[in-house]
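First, the structure itself, so that you have it in front of you.
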Amino acid sequence: MKKIILVCLLAATAFFSHAQIANDVMVGGGFDLIKTDYNSFFDKAQIGGELNYFITKDFTATAGLEVWTADQLSFVIGGRYYPVDELFLRARGLIGVNDLSIGAGWTKPIGEKVRLEAMADFYFDLQFAVRIGFGYVFRKN
């Protein structure tokens, strides 16, 4: 009897969770709080926007833009892998500054469609950044 109750509770938790599903689209934006090439606060800024298409509930295809106050603009293409709903690993190519980044992030649902995201990225030009942002999920149904 205990096993049946446990299975029912786990099924109800999965049903009412805010997990992403295949074909959902998430639009997000964020800015770098810390980056190794920043010499002082507000001297330089980097912001970005992304569109993530959930190919499966675990994998996304990503496209977006990165903008720097130093008059640089990059097109971003990459992907994310979600081993669990609130943790993701990502890889991105930045076309314009000709760099690659790999990173990991944490996402916390604030509501059914809005998420708070925090992530850290390592760039192949030997830079490191910590970013914070928000995402909005467009459900397929």
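The values are calculated or read from the model by the stated rules, or taken from the named source; none is laboratory data. All of these numbers come straight from a predicted model, not from anything done at the bench. A quick note on method: Cβ atoms are made from the backbone with ideal geometry, for glycine too, and the neighbour counts reach across all protein chains shown. Accessible surface is based on the protein model in full, side chains and every heavy atom, while ligands, DNA and RNA are left aside. Shrake-Rupley method; radii C 1.70, N 1.55, O 1.52, S 1.80 Å.
What is the local net charge at residue 57, summed over the other residues whose Cβ is closer than 10 Å to its Cβ (Lys, Arg +1; Asp, Glu -1)?
-3
Given the whole protein assembly as supplied and a 1.4 Å probe, what does the accessible area of residue 132 come to in Å², nearest 10?
Here the residue's solvent-accessible area equals roughly 60 Å².
Which aspartates and glutamates, if any, have their Cα less than 13 Å from the Cα of residue 44, not counting same-chain residues under 8 positions apart?
Candidates past the 8-residue exclusion: 32, 71.
Still on this structure, please answer the following. Show which aspartates and glutamates lie in cross-link reach of residue 140 when reach means a straight Cα distance below 20 angstrom and same-chain residues fewer than eight apart are skipped.
Output for residue 140: 24, 50, 58, 85, 86, 112.
Still on this structure: Once amide H atoms are placed 1.01 Å from N in the peptide plane, what residues at a sequence separation of 5 or more from residue 45, or on another chain, have their amide H within under 5 Å of its amide H?
Those qualifying (amide H under 5 Å, at least 5 residues apart or on another chain) are 69, 70.
Compute from the Cα atoms of segment 28-129 the Rg and the Dmax, the latter being the longest Cα-Cα distance, and quote both in angstrom.
Cα radius of gyration and Dmax of segment 28-129 are 13.6, 41 Å respectively.
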